[in-house]
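A short worksheet on the structure shown next.
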Amino acid sequence: MGIALLVGMMLARQKKYTAHGICQSLVVVLNLIPILFFMVPVFHRGVQPRLFQNLENPFYLISGLHAFVGTVAELFAIYIVTTGWKILPSALRFDNYKKFMRIGLGLWWLTILLGVGTYYVWYLKPASKPATPSQQTTNSNTSVSAEGKTKEVVVELTGGNQFTPVELKIEVGTMVVWKNVSGHHNIIADDGSFESPPDLEAGSEYKHTFDKAGTYKYFCAFHGGPNGERMSGTIIVTPKQ
Ligand SMILES: [Cu+2]
């Protein structure tokens, strides 16, 4: 998109205004597809519900800024396109093309930079804590800790965007250890009673002990949603026998 915008800018410099208009308009319109079908749903599920409580966390701050500046940039660009093709009534159009184009291009480049930043923070940034792979018995995924009190049960998060097992039955007092085997995931309870860090990198884990009987639904905000949408799971906690 950024390269196409630069090509479009060259066309304007060479005074090929129709080609310039077609090039930049295509970028603006095609850009709506990933925005509406990918970015808006992921933002709505994974960022917006916890954005303002977590502004000090780069995961939320950078993706939140990208969403804000990107929305302004796309709307501004749509305004430029509708003016350029004379779709808007003349009273609403601008005359100062150079100024508007410069502001528009500046906003788009800022959005692109924030987008690269979001990609880095979400998918490339090395884990802040070194992963601590814990020893596990080979034939069972249930183990008893050193104190002999807390039972631990493992749920694996895999690259296929699945929790394994999807449904887990445990007794009150059991600790569930979610181990991220591959990919980027997180664990968020539908009812908000537990929540992992926003981005659990491969090799890291998140633990939660269930002290109350009940049925707990949870999901990964990257790949699922509440109420059992796609990447999600259930923990059924039964009273002590
Ligand atoms: Cu996931």
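Can you tell me which residues in the stretch 11-22 are in a helix (DSSP H, G or I) and either open to solvent by 30 Å² or more (accessible area, probe 1.4 Å) or touching a strand residue (DSSP E or B) at 6+ places or on another chain (Cβ under 6 Å) (or both)?
Scanning the stretch 11-22 gives Leu11, Arg13, Tyr17, Thr18, Ala19, Ile22.
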Practice task
May I ask you to verify whether Ala67 is of a type in the set (Gly, Ala, Ser), surrounded by 17 or more Cβ atoms within 10 Å (Cβ to Cβ) and more than 12 Å from the chain's Cα centre (by Cα)?
Solution key: no
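Suppose we filter Leu30, Leu61 for residues that are part of a helix (DSSP H, G or I) and more than 30 Å from Leu200 (Cα to Cα); which single one remains? Spell out the reasoning first.
Numbers: Leu61 fails: more than 30 Å from Leu200 (Cα to Cα).
Testing whether each residue is part of a helix (DSSP H, G or I) and more than 30 Å from Leu200 (Cα to Cα) leaves just Leu30.
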Handout entry: Residue that is away from the ligand (no atom under 14 Å from the Cβ), in a loop (DSSP other than H, G, I, E, B), in contact (Cβ under 8 Å) with a residue 12 or more places away in the chain and small (Gly, Ala, Ser), where the choices are Gly203, Gly192
Key = Gly203
Fill in the blank from the handout: The residue that is least open to solvent (accessible area, probe 1.4 Å), considering only those in the stretch 141-154 that are modelled with pLDDT of 80 or more and in contact with a Ser or Thr (Cβ under 7 Å, 6 or more places away or on another chain), is Val153
Exercise for the section: Residue by residue through the stretch 33-64, note down the ones that are aromatic (Phe, Trp, Tyr), over 10 Å from the mean Cα position of the chain (by Cα) and within 21 Å of Met1 (Cα to Cα). Expected result: Phe37
Practice task
Check whether at least one residue in the stretch 38-46 is surrounded by fewer than 12 Cβ atoms within 10 Å (Cβ to Cβ) and either at pLDDT 90 or above or within 30 Å of Ala221 (Cα to Cα) (or both), and report yes or no.
Solution key: yes
Handout entry: Check on Gly8, farther than 29 Å from Asp199 by Cα and assigned to a helix (DSSP H, G or I)
Key = yes
Practice task
Being of a type outside the set (Val, Ile, Thr) and open to solvent by 30 Å² or more (accessible area, probe 1.4 Å) is the filter; apply it to the stretch 161-170 and report the residue that is farthest from the ligand (Cβ to nearest atom).
Solution key: Lys169
Problem - Those residues of the stretch 171-188 which are open to solvent by 10 Å² or more (accessible area, probe 1.4 Å) and away from the ligand (no atom under 16 Å from the Cβ), in sequence order - result: Glu171, Val172, Gly173, Met175
Practice task
Being loosely packed, with under 15 Cβ neighbours inside 10 Å and modelled with pLDDT of 95 or more is the filter here, so list the residues in the stretch 218-238 that pass it.
Solution key: Ile236, Thr238
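Out of the residues in the stretch 206-241 meeting the condition of being closer than 27 Å to Pro41 by Cβ and part of a loop (DSSP other than H, G, I, E, B), tell me which one is farthest from the ligand (Cβ to nearest atom).
Our first condition is that a residue be closer than 27 Å to Pro41 by Cβ; within the stretch 206-241, this holds for 206, 208, 215-235.
Still in the list and also part of a loop (DSSP other than H, G, I, E, B): 226-228.
On the way: Pro226: 14, Asn227: 16, Gly228: 14 Å.
Only one residue tops the list, namely Asn227.
The values are calculated or read from the model by the stated rules, or taken from the named source; none is laboratory data. The model shown is predicted, which means the values in this text are computed figures rather than measured ones. In this analysis, Cβ positions are derived from the backbone assuming ideal geometry, glycine residues included, and neighbour counts consider all displayed protein chains. For the accessible areas, the whole protein counts, side chains as well, though only heavy atoms, and no ligand, DNA or RNA atoms are used. Shrake-Rupley method; radii C 1.70, N 1.55, O 1.52, S 1.80 Å.
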